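The values are calculated or read from the model by the stated rules, or taken from the named source; none is laboratory data. Just so you know, these numbers come straight off a predicted model, no measurement behind them. Virtual Cβ from ideal backbone geometry, glycine too; neighbours counted across all protein chains shown.
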């Protein structure tokens, strides 16, 4: 495989031909149509892979990786069994015991934008906790905490319901530090019954069932690319 710089040098030295004509630096080609030769030998070109954007409702107990050395079920197992053959990768992570909205793509540029801290893309979770919490404890979820030596930004917290010995909260964070919500619960000695991500920015999980996925709409893709 030749580097980009090496390819440019080969073009400048007249070693590369497109359809029998000497190639020019910066010349556009169509991989499926044009015939490229280097030193008289035809070069096989691979077309740019189609960009895939998928929303998955990750079930609890599934690992957010494409393979696992412990042979645990991965998100790739769900996608492959349902017919996605392209290699796509998770955008960020959900821990093994959490569930909900996970984006996957082979668009590295868009994925990097979504994960970059400077963009502060909000992530919304539904958290179910054992016990009916008082207002003092509920406010603790909105306060900054220290993770890996750095203070987090305040979270937005809203009570969804409290009944039958449990509390359900809606929590919106913009940083997504490693296990941020679970660490808050650990600090407060609270028992997590369920943690589910239901939104990333303006994208919502909706009624997508656990273990199911769908392609993003063109509007959703345009929204992601706009960051």
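Of the residues that make up the stretch 173-195, is at least one on the phi > 0 side of the Ramachandran plot and surrounded by 12 or more Cβ atoms within 10 Å (Cβ to Cβ)? Yes - at least one qualifying residue is present in the stretch 173-195. With the structure loaded, tell me whether residue 42 is exposed (fewer than 15 other Cβ atoms within 10 Å of the Cβ) and in a strand (DSSP E or B) or whether it fails that test. Yes. Please verify whether residue 110 is outside any strand (DSSP E or B) and touching a helix residue (DSSP H, G or I) at 6+ places or on another chain (Cβ under 7 Å), treating the condition exactly as stated. Yes; evaluated as a whole, the condition is true for this residue.
Condition test on residue 86, is it assigned to a helix (DSSP H, G or I), out of contact with any strand residue (DSSP E or B) (no Cβ under 8 Å at 6 or more places or on another chain) and surrounded by fewer than 20 Cβ atoms within 10 Å (Cβ to Cβ)? The answer is no for residue 86.
With respect to the conditions (1) modelled with pLDDT of 80 or more; (2) closer than 16 Å to residue 117 by Cβ; (3) buried (at least 16 other Cβ atoms within 10 Å of the Cβ), residue 151 lacks only one, and its number is (3). Scanning the stretch 113-139 for residues that are buried (at least 17 other Cβ atoms within 10 Å of the Cβ) and either under 19 Å from residue 182 (Cβ atoms) or out of contact with any helix residue (DSSP H, G or I) (no Cβ under 9 Å at 6 or more places or on another chain) (or both) yields 123, 124, 125, 126, 127, 129, 133.
Taking into account only those residues within the stretch 115-140 that are farther than 23 Å from residue 210 by Cα and under 15 Å from the mean Cα position of the chain (by Cα), which is modelled with the highest pLDDT? The qualifying residue modelled with the highest pLDDT is 121.
Going by the conditions given, is residue 79 buried (at least 16 other Cβ atoms within 10 Å of the Cβ) and modelled with pLDDT of 90 or more? Spelling it out, it is not the case that residue 79 is buried (at least 16 other Cβ atoms within 10 Å of the Cβ) and modelled with pLDDT of 90 or more. Going through the stretch 63-75 one residue at a time, which ones are part of a loop (DSSP other than H, G, I, E, B), farther than 13 Å from residue 197 by Cβ and within 15 Å of the chain's Cα centre (by Cα)? Scanning the stretch 63-75 gives 65, 66.
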